[in-house]
Every structure is written in structure tokens, then in C-alpha cells.
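The values are calculated or read from the model by the stated rules, or taken from the named source; none is laboratory data. Worth saying up front: this structure is predicted, and the values here are computed from it rather than measured. Cβ: placed from backbone, ideal geometry, glycine included. Neighbour counts: every protein chain shown.
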Amino acid sequence: MAQTQFVKIDSHAHLTSDELYPHVDQIIERAITQGVKKMVNIATCKETLERGIELAKKYPGIIYNTAATTPHDVETQGESFFPLVQKAAKEEKLVAIGETGLDYYYEHSRRDLQKIFLQRYFELARRSGLNVVIHSRGDDVFNELFRMADEQPVRPKCLLHCFTGKAHHARQAIERGWHISISGIVTFKKSEDLREVVKEIPLEHLQIETDSPYLAPQRKRGQMNEPSYLEEVAEEIARIKGVSLEQVCAETSKNSCSFFQICDNI
Ligand SMILES: [Zn+2]
């Protein structure tokens, strides 16, 4: 099969997770070969952040970091990790705050604590001049999320990562000028509803991601996901929207560049 070389950006990968980190150099190499020229590493704890900072040094202009405790883990790690995120933001080692947010679907941590940390991360993002990567699961989280965002003294700009919400949730995000990131879930056979929603989201609001090592796209299902598999997500979006793959790659890259402020050399 002919290899396309459209430049793409993976807006969400856990490159420094225990699963991917042992092979990270080959993983980055393979991604670049597949046109994935920049990857945003999502650090969720002390170790993944330290590794991420090293990785960004080793791959300048290619690897970038965000950090926050996920809503799942705020009960156990929220308090201890927060100062490290603060420090990294202050030292300009982050390109966004996140993934933070609300998860009422799994509810591994108490809802009130999830909200407390989301609020703290909104404040940190504002003070640091950074945008916010949001993890949101459960139909009832969106109202709370939009309400909390709207109550901030300066409205945050957010990226709804791995979006699986309904069309009206997408519309409310778009109204606020937010971005929506689509993962390999869109390629799954059962994702008819999500494909209908993606049809309605204007390209100017879309980003793409792998969420590696999770959620390998349909053709790679069962394997450990990695950024080099990103193109299948872009292909599916192009098919759904009836536009070219080139256009999806170009627009989503532009959006990631502006959202994470990593536009210098693309
Ligand atoms: Zn993630």
C-alpha cells in the first residue's frame, strides 16, 4: 500500500506510560515515518511527567507535554501531584493543563473531589496562560463541566479529548470556541452514533488523537496502540465528512498547533 505523508499531530498519547515507555524511541521513529510529526504526551503522575520532560528535551519540536491527575485518580494522587504540575507549568515545560475533568461513568474518585481538582486546574491554566485538556465520561458530566467553565473569571479554552458525547454536547463546546478530539473509537464498528456526531462538527474545531496505548483503531484492534496508527482516525473522519484525507490532516494539525501553541515549525 502506498504510504501517504500528510503531516499529522497526535493530540493525546501516553508515551511515557509504563506500557509504551520501554519502546518509546522506536515508537516515535515509527510515528514520524507515518507523518505524525508532533505528539502531545499526557503525563498523569510524577514518573510519567519526569519521563516526559526528558523526552521533550531529546525530541525538541516533536514531543510536548501536558500534565494533571486524571479524574480517576484525584482521590489517591491529586494532592501529591498538583505541586509538580504547578512547577512544570511555571517552568514552561507544559503546552496545556490536563487531562483533567469529570468522569461520572466509572466514578473511581468521588464527584466532589473531581470538581475540586477541575477547579484548581482551571485556575492553574489561567495563571499559566495555558489551555485545558478535558476528560469527560458520562452523559451527565457535560452540564457540570460547561457550568464550571462558564463560572471562571476568564473562560478557559478546552479540548474535549476522546470525545464520545452527543451532538448537543459537541454544539455547546463549539459555541464556546472549544476543540473536540476524536480517537480510534470512531473507527469501531459499533460507533455509528459517534460517526453521526462527527459529521456535524466543523473541521475548524476538530483534532485527532490515538490515546495510546489504549483504543487501537479497528484495523489494529487488540494491539497496543501507538501514534503511528493515527492515520486510520483521520481516514475515517475524511470518509464520514466526505472531504480529503489531506484536508483532515492539514486542518487538525493547524488546530493542534494553535491550541497547544506549538506552531513554530510546522
Ligand atoms: Zn488519556
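Using beta carbons and a limit of 8 Å, which pairs, at least six apart or on different chains, have the first residue in the stretch 9-24 and more than 13 Å from A56 (Cα to Cα) and of a type in the set (V, I, T) and the second one part of a helix (DSSP H, G or I) and away from the ligand (no atom under 12 Å from the Cβ)? Here the result reads I9/T252; I9/S253; I9/S256; I9/C257, each pair linking the stretch 9-24 to a residue that is part of a helix (DSSP H, G or I) and away from the ligand (no atom under 12 Å from the Cβ). Every test in (1) in contact with an Asp or Glu (Cβ under 9 Å, 6 or more places away or on another chain); (2) within 16 Å of the ligand (Cβ to nearest atom) is passed by V243 save one, and that test is (2).
Here is the figure for the stretch 56-84: residues that are in contact with a helix residue (DSSP H, G or I) (Cβ under 7 Å, 6 or more places away or on another chain) and either among the hydroxyl-bearing types (S, T, Y) or crowded, with 21+ Cβ neighbours inside 10 Å (or both) total 11. As a summary of the residue check, S11 satisfies the conditions (1) more than 16 Å from the ligand (Cβ to nearest atom); (2) crowded, with 23+ Cβ neighbours inside 10 Å except for the one numbered (1). Determine whether T100 is modelled with pLDDT of 95 or more and surrounded by 14 or more Cβ atoms within 10 Å (Cβ to Cβ). The answer is yes for T100. Restricting attention to the stretch 157-210, the residues that are part of a helix (DSSP H, G or I), out of contact with any helix residue (DSSP H, G or I) (no Cβ under 7 Å at 6 or more places or on another chain) and within 15 Å of the ligand (Cβ to nearest atom) add up to 0.
Is it true that some residue in the stretch 205-217 is of a type in the set (D, E, K, R) and surrounded by fewer than 17 Cβ atoms within 10 Å (Cβ to Cβ)? No; the residues of the stretch 205-217 include none that is of a type in the set (D, E, K, R) and surrounded by fewer than 17 Cβ atoms within 10 Å (Cβ to Cβ).
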